[in-house]
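The values are calculated or read from the model by the stated rules, or taken from the named source; none is laboratory data. These numbers come from a predicted model, not from an experiment. Using ideal geometry, Cβ is built from the backbone for each residue, glycine included, and neighbour counts are taken over all protein chains shown.
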Amino acid sequence: MKKIATTFAVLLTAFIFMFHAPSAFAGSVTANLSVSVTVDSACTVSASPLSFATYEPLGANATAPDDGQGSVTLVCTIGTSATIGLGSGLHSSAGQPFMSNAGGSSSIPYNMYQNSGRTTPWGSGGNVMTLTAATDTNEHVYPVYGRIAAGLTGLSGAYNDTVVVTVNF
């Protein structure tokens, strides 16, 4: 019986100690951890070619201009404002872009516009397209309207140019 009483006393002491044991911590304090990040303004740009129909100097284009269309596609982080500028191309003179044939012996002038009526020039400097702050990160497509004036002559063959698209944000 003494063994049962001793076992009972040990179990009772363990039970009391379990629920009334002194805390291992004497107190507590708190602090705030600041968390921050800066999201950079960023944009990506791509372009589809400004394509004209075949120029017919002795036919339709003797009296009517040859119009074409390309586009600039822009994606910017939300809240980013930007401008899109188009350079004068590889073959230009005094800001007038020209397409040149493969041998460089002949050229055809053209112009680029921001609107389908081809009244608002699109270039660099003062002729940029200004965009308000982006409200999403979707692709936004901006048409580039081109025009080759009527009544031009040139050697037959293919003509081309390369225009640099510059996005400032």
Quiz item: Is there a residue being closer than 17 Å to Val167 by Cα, among the small types (Gly, Ala, Ser) and in contact with a Pro (Cβ under 7 Å, 6 or more places away or on another chain) anywhere in region 119-127?
Solution: no
Self-check item: Within region 97-126, considering residues that are free of Cβ contacts under 8 Å to residues at least 40 places away in the same chain and aromatic (Phe, Trp, Tyr), the one farthest from Gly85 (Cα to Cα)
Solution: Tyr113
Quiz item: Among (1) assigned to a loop (DSSP other than H, G, I, E, B); (2) modelled with pLDDT of 95 or more; (3) closer than 30 Å to Ala133 by Cα, which single condition is Thr30 missing?
Solution: (3)
Quiz item: Any chance region 108-125 includes a residue that's surrounded by 14 or more Cβ atoms within 10 Å (Cβ to Cβ), closer than 20 Å to Ser156 by Cα and small (Gly, Ala, Ser)?
Solution: no
Self-check item: Answer residue from region 83-107, given it is crowded, with 17+ Cβ neighbours inside 10 Å and either basic (Lys, Arg) or over 14 Å from Asp161 (Cα atoms) (or both) and is farthest from the chain's Cα centre (by Cα) among those
Solution: Gly85
